[in-house]
Amino acid sequence: MTMNAPISNPADCGVRGVIRFFQAENVRPSEIHRRLVAVYGEHVMKAASVRKWCTMFRNGQTDVHEETFQIKITENQNTFYVQ
C-alpha cells in the first residue's frame, strides 16, 4: 500500500510516538527521518530533533509529551534525572 499524499499537520506527540516505535525496533534515526518526511511531508520534525528524541528514548524516556521529559545523566556512578 502506498500513500499518495502526506498527512498534514500531525500532532507533535504523534510524531514522537512514531519515533519511539521505530527506535524500539532499532531503526536508524536517518531512516526514521526519511520515513517521517515520506508520510508527513518535508516540514515535519528536523533530522537533528529525530536524533535527539531517539537518544532520549534510548536513555529511558517513555513519555512522548515534550513538557514532561527527563534526561538520565550518569556521572561517576551517580545517576541524576533532569526535567
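Summarising the label geometry, the points placed 7 Å from Cα in the beta-carbon direction at Arg35 and Ala48 lie 2.4 nm from one another. In loop segments of the range 15-69 as defined by DSSP, there are no chymotrypsin sites (Phe, Trp or Tyr not before Pro) with at most 11 further C-beta atoms inside 10 Å of their C-beta. The modelled label-to-label distance between Phe21 and Arg58, using points 7 Å beyond Cα along the C-beta direction, is 2.1 nm.
None of the figures in this text is laboratory data; all of them are computed from the coordinates on show. Note that this is a predicted model, so its numbers are computed, not measured. Cβ: placed from backbone, ideal geometry, glycine included. Neighbour counts: every protein chain shown.
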